[in-house]
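The numbers here are math on the coordinates, done by the rules we state, and not lab data. Computed from a predicted structure; not experimentally measured. Here Cβ is always computed from backbone atoms with ideal geometry, including for glycine, and neighbour counts include all displayed protein chains.
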Amino acid sequence: MDAVKRFDVAIVGAGPAGSATAIALARKGFSVLLLDKRIFPREKLCGDFLNPITLPLLENLRVMEELRLLSPRKITAFRISLASGAQATSRFPAANGRPSFGLGLRRKDLDYTLLKRAVKLGAFLQEGYQVRAIERIKAVWSIAVEGKTTKERLEARLLIGADGRHSRVAHRLGLARPDGDNRGSVAFQLRLAGVRGLNNEVQIRLFPGGYAGLMALDDETANLCFTVKPEQIQRAPSVPALMKQALWKNPSLARALEPSEIVGEARSAYPVYFPPRHSHGEGVLLVGDAARVTEPVTGEGIFFALQSGALAASTAERAFERGDFSAEQLSAYRDACREAFARRQRLNSIIRALIHRPALTAVLLRLSAPTFLLRELCRDAPVWAGA
Ligand SMILES: Cc1cc2nc3c(=O)[nH]c(=O)nc-3n(C[C@H](O)[C@H](O)[C@H](O)COP(=O)(O)OP(=O)(O)OC[C@H]3O[C@@H](n4cnc5c(N)ncnc54)[C@H](O)[C@@H]3O)c2cc1C
C-alpha cells in the first residue's frame, strides 16, 4: 500500500454532482479528491436531456463553451401524449425576450467535460477505484480504496457522497432509509436510429404500466427511456419484446418506433424513484442522486446534481472557516436544499402522481393543466450559490 494521501475534501463519485462540487471547492482553493469506480469517459443511463433551468448552472461552472463545441441539439418543447391519443405540447417559456431551450447531449460527453474542468482547477482524480471501507477517526475520514491492481488509503476532513442512486456512502454511514417495501418501476434506456416525428421536443408518452421519454440527439439517433412494472418484464424474453408488449399499447408511440432499430446496448435502473435520504451527518454531505432522486419524467436530475453540489460547496466552505464539521453545522446544507428544491419537489410529486393515472391526466389535458405544469418545470432561473 502506498503512502496515505491527505485532502481537505474527499468526493466519492465523479458524475455531475461530484464534479460540480469539486469545481466549486477547487475554485476556492481547497484540496479535493475526486474518486470514481469507473474510468472516464464512460456511458451512463440517462434521457440525455438538459432542462433549460440547468443551463445557467453550466455557464457558472464555465463549461458551456466546451459543450457548445459538441453541437448539442436545441430542444424547444415538451410534448405529453396518452395511449388514447390525447396530447399537449408546451414550448419552453421565453427568457429575457429570447426563446428558451434545453439541450440534448450525451451523458458521456457532459460528465467528461465537467470532470475535465474539475481536474483543470486542481482536483485530484482517482478513477477506476472502488471504496472498500470508510471510517472516521478523531474527526478525520480514512477511506480504503481498491483499484484493479492496487489498494490505497486516503484521508480527508470532509466526506461528500456523490456516488449516485445506490450510494455506498449513504448506506455505509446509515444515511439511507431501509429499502422496505420498494415496489417501484424499472427504467430502461436505449439508443435508436430511424424514429419518426421527433422534431426538437422531449416527448413523454404514457402507456399502461409506465411511460416513455423520447428525444432526438442528432439527425439519425434518438434516446429512448421507458419505465415498466417489474411484472411486465417477467412476461417478456427480451428488451425488443418488452417494447412490443408494453410501449406498443400507445398507438402513436408504436408508429414513431416501428421503423426504428436499436443501436448500442440497453441499460437499466431499479427502482426508478425513492424518497429523499438524510443529506448530512457528522463530517459528511450527500449530493445529487445519493441524496435524492426525482421521477425522471421531469428531466431535472442533472439540475439537482449541479445545484446541490453548489450548495454543498458553500456549506463546506463555512465549515472549514469555523473548523466545525459537526452534523449541526452541516445541517445548513439540508436547510438550503429544502429552500432551493421544495417547489420543484412538489411539482415532481404531482407529475409522478399524474403519469400513473392516465384517466385523471386525460381530464386535465382537456383543462390545459399539463401545459401549465410543463411550463412550471422550466420556469425559474436558479441562483448559483457556489460561484
Ligand atoms: C431513466 C432515467 C432517465 C433520466 N433522464 C434524465 C434526463 O434526461 N435529464 C436529467 O437531468 N436527469 C435525468 N435522469 C436523472 C439523472 O441521470 C441523475 O439525476 C444524475 O445522473 C445524477 O447525477 P449524480 O452525479 O448524482 O449521480 P451519477 O450520475 O449516478 O454519478 C455517480 C458516480 O458515482 C460513481 N460511483 C458509484 N458508486 C461508487 C463507489 N462505490 N465508488 C466510487 N465511485 C462510485 C459512479 O461510477 C458514477 O460515476 C434520469 C434518470 C433515469 C433513471
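Before moving on, here are some points about what is shown:
- Ascending count of other beta-carbon atoms within 10 Å, so fewest first, for M64, M215: M64, M215
- Between L360 and R132, full extension at 0.36 nm per residue minus the direct alpha carbon distance yields a gain of 77.4 nm.
- DSSP beta bridges confined to the chain are antiparallel in about 70 percent of cases.
- For segment 338-351, 3J(HN,Hα) per residue [Karplus equation, 6.51 cos²θ - 1.76 cosθ + 1.60, θ = phi - 60°, Hz, x = Gly/Pro]: 4, 5, 6, 10, 4, 5, 5, 4, 5, 4, 4, 5, 5, 5
- Under a model in which nothing but the beta-carbon of Lys, Arg (+1) and Asp, Glu (-1) is charged, segment 186-269 shows a dipole of about 400 debye around its Cα centre.
- When V272, V297, V239, V32 are arranged by Cβ crowding within 10 Å, least crowded first, meaning fewest neighbours, the order is V239, V272, V297, V32.
- Working note: 222 nm ellipticity from helices only, DSSP H runs with n ≥ 4, each -39,500 (n - 2.57), summed and divided by the residues of the chain, gives -10000 deg cm²/dmol to the nearest 500.
- Shape index of segment 146-211: Rg/Rh, with Rg the Cα radius of gyration and Rh the Kirkwood radius from the inverse mean 1/r over Cα pairs, equals 1.15.
- Ordering I134, I53 by the number of other Cβ atoms within 10 Å of each residue's own Cβ, fewest first, gives I134, I53.
- Calculated FRET value between F372 and E317, using beta carbons and R₀ = 56 Å, to 0.05: 0.90
- Free of any trypsin sites (Lys or Arg not before Pro) that DSSP assigns to a loop and that have at most 14 other C-beta atoms within 10 Å, the longest stretch within the chain is 236-387.
- Extended-chain gain in nm, criterion 0.36 nm per residue less alpha-carbon gap, R338 and E282: 18.2 nm
- Here's the picture: charge each Lys and Arg Cβ at +1 and each Asp and Glu Cβ at -1 in the chain, and of G13, V297, G264 the one pushed furthest to the positive end of that dipole is V297.
- Put simply, the convex hull of the Cα atoms in segment 186-269 casts, on average, a shadow of 4.8 nm².
- Largest first, the extents of the alpha carbon coordinates of the chain on the three principal axes equal 62, 50, 41 Å.
- Alpha-carbon Rg/Rh ratio, for segment 38-99, with Rh computed the Kirkwood way: 1.06
- In a simple Cβ point-charge model (Lys, Arg +1; Asp, Glu -1; nothing else charged), the chain has a dipole of about 460 debye relative to its Cα centre.
- Calculated from the alpha-carbon coordinates, segment 1-90 shows an Rg and a Dmax of 18.5, 64 Å respectively.
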